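Just below is one structure, and these are the notes that go with it.
The values are calculated or read from the model by the stated rules, or taken from the named source; none is laboratory data. Please read these numbers as outputs of a predicted model, since none were measured by experiment. Cβ atoms come from the backbone with ideal geometry, glycine included; neighbour counts cover every protein chain shown. Surface accessibility is based on the protein's heavy atoms, side chains included, excluding ligands, DNA and RNA. Shrake-Rupley method; radii C 1.70, N 1.55, O 1.52, S 1.80 Å.
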Amino acid sequence: MKKYFLSIFIALIVGFFLAKTFLEQYESFRGLELTSNSGEMLYFIRYDTYDSLEEMEKKTLSLTNYIYRENNGQYDVYIGITKDADNLIKMNNYFSSIGYHTITEEFLVTNPTFLKSLQNYDMILQGTDDGVVISSISSQILEKYEEYVNGSED
């Protein structure tokens with residue numbers, strides 16, 4: 001009978017140390033990291049940055065359409081997205097002509113449905129200099145971004 005107690009005791013001690021090691025590794029796990037750049041770098045046109053959500057909502061009432069991103073307690077508001085450098089210049093010129101001071105930032109976007117949609121909108125933007133069309137397409141791009149990237153669809 002002593003032989004069984006000794007075996008059970010050793011098994012419990014080994015199990016305890018294995019469980020302890022496993023839990024320590026689990027606690028130090030930092031999450032998955034992106035190892036593949038299967039997306040594309042896109043130009044995001046930033047309108048402004050605000051310190052609170054309430055301030056952002058008050059100051060963006062005049063905007064037709066925008067998206068925002070919370071970054072370290074601040075809210076960055078974006079009014080345009082493109083992957084074409086010529087369209088970026090065209091959009092910045094349009095926004096400048098209506099009095100917006102914009103900043104361009106680049107982000108990696110990996111959603112293939114949005115990237116395909118953006119490619120189609122960029123082709124339309126290449127063929128126009130009309131401010132109404134640029135504004136309308138910019139709004140549609142932001143809506144697609146919300147739908148495909150920020151929404152539930154992947």
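Helix 112-126 and the longest principal axis of the C-alpha atoms of the chain enclose an angle of approximately 20°. Computed from the Cα positions only, the extents of the range 62-108 along the three principal axes stand at 31, 28, 15 Å, in decreasing order.
Going from most exposed to least, what order do D48, D76 have by accessible area with a 1.4 Å probe?
Working: D48 65, D76 10 Å².
Reading off the accessible areas and sorting them downward yields D48, D76.
From the coordinates of this entry, mean projected area of the Cα convex hull in nm² is computed, and it appears in (1) 9.2; (2) 12.0; (3) 14.0 under the label (3).
To the nearest ten degrees, helix 131-145 and the longest principal axis of the Cα atoms of the chain are 10 degrees apart.
Put a dot 7 Å past the Cα of N150, heading toward its Cβ, do the same for E57, and the two dots end up 1.4 nm apart.
Other residues lying with their Cβ under 13 Å from the Cβ of I137 contribute a combined charge of -3, Lys and Arg counting +1, Asp and Glu -1. Any chance you could give the angle, 0 to 90 degrees and rounded to 10, that helix 85-97 forms with the longest Cα principal axis of the chain? Helix 85-97 sits roughly 60 degrees off the main axis of the chain.
About the centre of its Cα atoms, the chain shows a dipole size close to 1000 debye [charges on the beta carbon of Lys, Arg (+1) and Asp, Glu (-1) only; nearest 20 debye].
Since only Y50, I8, I89 are under comparison, the one whose Cα sits farthest along the positive direction of the charge dipole of the chain, derived from C-beta charges on Lys, Arg, Asp and Glu, is I8.
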